[in-house]
Structures are given as structure tokens and as C-alpha cells.
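Worksheet: the structure to be examined is printed underneath.
The values are calculated or read from the model by the stated rules, or taken from the named source; none is laboratory data. Because the structure is a prediction, the values reported are computed rather than measured. Every residue, glycine among them, receives a Cβ derived from its backbone with ideal geometry; neighbour counts consider all protein chains shown.
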Amino acid sequence: MEPHYIALIIFILTYIGIIFTRLPGVNIDRPSAAFFGAIAMILFGILSFDEAISAIDFNTIGLLLGMMIIIATLQLDGFFAFLASQTIRIAQTPLKLLIAITLFTGITSAFLVNDAVVLFITPLIISLCKSGQLNPIPFLIAEILAANTGSLMTMTGNPQNMLIGINSGIPYAEFLLRLIPISLLGLVIIILVIRLLYNKTFSQKNNLTFDKNAFQYNFRSMQWSVIILAGVVIMFFIHHLIHLSIPLISLIGAALILIFGKVKPSKVIKQIDWVLLLFFASLFVVVHGVEKVGLFDRVITANLLLGNAKSLAFIHVISLFLSQLISNVPLTVIMLPLMKTAGNEILWLGLASATTLAGNATIIGAMANLIVIESAQNKGIKISFMDFFKPGIIVSLSTLLISLLILIAQL
């Protein structure tokens with residue numbers, strides 16, 4: 001059989017495993033499906049072992065690992081609980097609580113990985129809603145939408161932005177300046193949409209009271225970790241001046257926080273999502289195998305060379321549909337080699353914006369969505385597909401249109 005047919009079969013089987021994580025008679029999930037695909041590419045001779053290792057983008061893996069270590073330390077210090085406690089102080093009504101949660105989640109997700117942020121914020125929101133006798137569903141949906149939309153601002157906000165930021169070479173500050181208008185407008189839209197769809201919850205005017213014990217943090221312990229985080233963010237903005245790469249800055253911060261932080265390094269290491277790193281590494285290998293035999297290049301690359309405005313529209317449309325099938329991170333990995341061929345900065349920014357905002361359309365559009373929904377379900381709160389879809393599709397379509405118009409205006 002021809003290599004390109006073998007590669008296509010492996011690719012299809014891999015993404016079936018990624019899409020349908022519960023297949024009869026098969027013990028599979030997204031990381032194991034990607035790992036299977038990577039090994040199959042080597043086993044059937046599409047890639048040599050050395051080619052497979054070379055296909056892994058260790059810059060992205062390093063950036064993810066560094067940020068995971070920093071975030072895990074901050075979480076164990078109670079940094080997120082501290083920020084939440086300060087933010088919630090102004091939330092005296094359900095509407096003010098919605099605004100506080102949306103802005104807090106969005107802005108926090110901009111500078112820390114959104115998947116990690118929602119993992120730690122979700123239990124706090126549930127606790128707050130129980131304390132205030134509120135329906136938690138609209139607040140949790142707002143959290144999901146805000147985490148995705150807010151993470152768009154920077155290249156460290158979510159995994160797909162990390163991929164795009166590293167491979168495009170766009171400076172951290174420019175990435176932020178070009179995409180922040182889309183992100184901030186998106187956060188406003190989230191507040192308006194949730195307010196309108198859940199009118200009964202937000203028509204209450206009574207003052208809310210919260211259990212202060214819901215927020216537990218160690219202020220003395222977090223001082224070192226916060227100083228290191230601030231130094232890392234500052235270095236991100238000036239990395240071109242100090243001649244250090246974004247991944248290296250992240251790893252330097254991780255090393256410093258392990259040495260000087262007050263949390264035992266062994267506790268931090270246990271918090272790292274090693275499975276996510278395996279998932280990324282495996283996807284890089286699978287996509288490189290497809291790239292090597294030339295599958296899909298002609299169809300997608302041709303559309304990326306239509307002209308900037310048309311190509312931006314193509315990226316936004318394809319992101320909306322494919323993010324619901326394979327999620328936005330695997331889609332971004334597929335698009336990377338094709339974007340390098342197009343070699344256009346505005347298209348890179350379009351891909352970052354479109355894949356992130358498209359992730360808000362359905363439950364399976366982004367990893368953050370699944371994290372919040374599963375975490376809520378473990379606490380007896382069920383968010384159905386339609387519960388999420390109604391506000392999600394409105395927010396996603398609205399922000400994708402805003403994204404397209406703003407990026408076209410930047411041409």
C-alpha cells in the first residue's frame with residue numbers, strides 16, 4: 001500500500017479516537033489515541049524514530065511544562081483563592097458576581113494557561129453559588145466562555161496560542177496589542193448574553209453573603225511565587241531585548257519557583273499534567289507524518305493564499321466547524337505546517353483568534369469546557385449540551401464576526 005494511504009488511515013483512526021473517546025471494546029481516550037497514532041506512524045514506516053523525535057516541538061512542550069510548574073505552585077499557595085476573594089468583595093448582587101467572575105476568569109486566563117485556571121476556579125464558583133443560594137449553571141458557563149475568550153489576549157493564555165506564538169515568531173507584546181480588542185469585547189458580550197438568557201437569576205436585587213472560609217490561602221507562602229510570576233510576565237514582554245526565548249523564560253521561572261518557593265517540589269511535580277504533554281508530543285508526530293506524505297496540503301494551502309481577507313474568512317469558518325469535531329488544539333497542530341507555508345503574520349493571529357473563539361460554540365470545542373463540566377458534574381451539577389450550546393453558539397458567532405472585522409481592519 002502507498003505511504004500516503006497508510007498515513008491517511010492512521011490519521012483517520014487517530015482522530016476518530018480523539019473525537020469519540022468511548023468506543024465499544026476499546027480502552028481509549030484522547031492522549032492514548034494520539035499516542036497510538038504516533039507509534040503507528042513509526043511502525044508502518046511513515047516516519048523513522050529519529051524523524052518522530054525531531055517532529056516534537058520541544059519549545060511548546062517546554063513552555064507548557066514551565067507554565068504548569070508555575071501555576072501548580074501558585075495554586076498550592078492559594079494564589080487563585082486570594083485573587084478570587086479580593087474580586088468577590090465587590091459582588092453584592094448576582095449581576096455584579098457575574099461581572100466579577102467573567103472579568104476575573106478572563107484576565108487571569110490571559111496570563112496563565114486557561115485550562116489550569118478553570119481547574120482551580122470552578123470549585124470556588126460552586127462554593128460561592130451555594131453560599132449565596134444561586135443557580136451555579138450561568139456562572140459556570142460564563143466562566144468557561146470567559147476563560148477561552150480571555151486567554152486569546154496572549155500567547156501564554158492557552159495551548160493553541162503557545163503553538164502559534166512560538167511558530168510564528170510574533171513578539172509577546174505585539175500578540176497582546178493586536179488581539180486584546182477582540183478579547184475585551186468578547187468578555188462584554190459574554191456578560192450581556194448570560195444576563196439576557198438567565199434573566200430570572202439576575203433579576204434578584206438582594207445583597208449576597210458568602211462564606212469567607214471558601215477562600216483559603218497562605219499569604220506568606222505565595223509572596224515568593226508571585227514575585228517570580230511577575231518577573232516571568234515582565235520578561236515575556238521584553239524577551240526580544242534580553243535575547244531569551246519565551247519557552248526558556250518559562251522554564252527559568254519554573255526552576256526558580258521550585259527552588260525558592262515555599263511548597264515542596266514533590267507536591268508541585270505531582271500536579272503537572274504529564275498526560276497533556278504526552279498528548280501534544282504524540283500529535284506533533286502524527287501531523288508530521290501526514291505532512292511528510294503531502295496530505296491535505298493542496299486543499300488548505302490554496303485557501304490560505306486567496307488573499308488576506310478571504311484567507312482570514314476561511315480560517316474563521318474552518319475553525320468554527322472543525323473545532324467541534326476534533327477540538328481547537330488538535331486543529332491548530334494540523335494547521336501549523338500549512339501556516340508556515342503561507343508565512344503571513346495576520347493569518348497567524350487569525351488562527352489564534354478563530355480557534356480560541358470557536359472553542360466556545362459547544363461543550364467539546366475546547367479542553368477548558370470539558371474540565372469545568374466534568375468538575376461540576378463531580379459535585380452534582382449537570383450542564384447539558386443544550387445548556388451550554390445556547391449561550392455558547394451566540395457568543396462564538398458574535399466574537400468570530402468581531403474577530404474577522406478587527407483583523408481585516410488591521411491589514
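Against the conditions (1) touching a residue at least 40 places away in the same chain (Cβ under 8 Å); (2) not in a loop (DSSP other than H, G, I, E, B), residue 153 satisfies every one except (2). Of all residues in region 372-398, those satisfying the criterion of being farther than 21 Å from residue 120 by Cα and surrounded by 20 or more Cβ atoms within 10 Å (Cβ to Cβ) are 391, 392, 394, 395, 396. For region 113-139, a residue qualifies if it is in a helix (DSSP H, G or I) and either without any contact (Cβ under 8 Å) to a residue 12 or more places away in the chain or under 16 Å from the mean Cα position of the chain (by Cα) (or both), and the qualifying residues are 114, 115, 116, 117, 118, 119, 120, 121, 122, 129, 130. Within region 165-179, is even one residue in contact with a helix residue (DSSP H, G or I) (Cβ under 7 Å, 6 or more places away or on another chain) and free of Cβ contacts under 8 Å to residues at least 60 places away in the same chain? Within region 165-179, not a single residue is in contact with a helix residue (DSSP H, G or I) (Cβ under 7 Å, 6 or more places away or on another chain) and free of Cβ contacts under 8 Å to residues at least 60 places away in the same chain. In region 61-86, the qualifying residues are those that are among the hydrophobic types (A, V, I, L, M, F, W, C) and in contact with a Lys or Arg (Cβ under 9 Å, 6 or more places away or on another chain), and the one that is surrounded by the fewest Cβ atoms within 10 Å (Cβ to Cβ) is 76. Remark: residue 110 falls outside the filter, which requires a residue to be surrounded by fewer than 24 Cβ atoms within 10 Å (Cβ to Cβ), in a helix (DSSP H, G or I), among the small types (Gly, Ala, Ser) and out of contact with any Asp or Glu (no Cβ under 7 Å at 6 or more places or on another chain).
For region 228-240, the criterion of a residue being loosely packed, with under 15 Cβ neighbours inside 10 Å, modelled with pLDDT of 85 or more and outside any helix (DSSP H, G or I) is satisfied by at least one position.
Has region 321-331 got any residue that is farther than 22 Å from residue 369 by Cα and either touching a Phe, Trp or Tyr at 6+ places or on another chain (Cβ under 8 Å) or at pLDDT 85 or above (or both)? The answer is no; no qualifying residue exists.
If a residue must be more than 16 Å from residue 288 (Cβ to Cβ), at pLDDT 80 or above and of a type in the set (Gly, Ala, Ser), how many such residues does region 18-39 contain? Reasoning before the result, please.
Initial filter on region 18-39 (more than 16 Å from residue 288 (Cβ to Cβ)): 18-33.
The next check asks that each one be at pLDDT 80 or above; those that pass are 31-33.
Cutting the leftovers down to of a type in the set (Gly, Ala, Ser) gives us 32-33.
The number of residues fulfilling the criteria is 2.
Residues to consider are 11, 36, 58; find the one that is closer than 30 Å to residue 110 by Cα and either surrounded by 21 or more Cβ atoms within 10 Å (Cβ to Cβ) or within 27 Å of the chain's Cα centre (by Cα) (or both).
Values: 11 fails: closer than 30 Å to residue 110 by Cα; 36 fails: closer than 30 Å to residue 110 by Cα.
From the options 11, 36, 58, the qualifying one is 58.
Residue selection: residue 336 fails the criterion of being under 16 Å from the mean Cα position of the chain (by Cα) and either under 25 Å from residue 192 (Cβ atoms) or buried (at least 19 other Cβ atoms within 10 Å of the Cβ) (or both).
Can you work out which of the residues in region 87-102 that are of a type in the set (Ser, Thr, Tyr) and assigned to a helix (DSSP H, G or I) is surrounded by the fewest Cβ atoms within 10 Å (Cβ to Cβ)? Steps first, please.
The initial filter retains those residues of region 87-102 that are of a type in the set (Ser, Thr, Tyr), namely 87, 93, 102.
Checking the rest, the ones that are also assigned to a helix (DSSP H, G or I) come to 87, 102.
On the way: 87: 18, 102: 24.
Of everything passing the filter in region 87-102, 87 is surrounded by the fewest Cβ atoms within 10 Å (Cβ to Cβ).
When the criteria are applied in full, residue 215 meets the requirement of being at pLDDT below 85 and either surrounded by 13 or more Cβ atoms within 10 Å (Cβ to Cβ) or closer than 20 Å to residue 57 by Cα (or both). Considering only region 359-394, state which residues are touching a Gly at 6+ places or on another chain (Cβ under 9 Å), at pLDDT below 90 and part of a helix (DSSP H, G or I). 363, 365, 367, 368, 369, listed by residue number. The set of residues in region 30-82 that are charged (D, E, K, R), in contact (Cβ under 8 Å) with a residue 60 or more places away in the chain and more than 24 Å from residue 20 (Cβ to Cβ) comprises 51, 57, 77. Return the pair list, or none, for Cβ contacts closer than 6 Å from residues in region 1-19 that are within 18 Å of residue 325 (Cβ to Cβ) to residues that are of a type outside the set (Val, Ile, Thr) and outside any helix (DSSP H, G or I), at least 6 apart or on different chains. Close Cβ pairs satisfying both conditions: 8/295.
Each residue in region 355-371 was checked for being touching a residue at least 40 places away in the same chain (Cβ under 8 Å), surrounded by fewer than 22 Cβ atoms within 10 Å (Cβ to Cβ) and more than 16 Å from residue 146 (Cβ to Cβ), and 1 pass.
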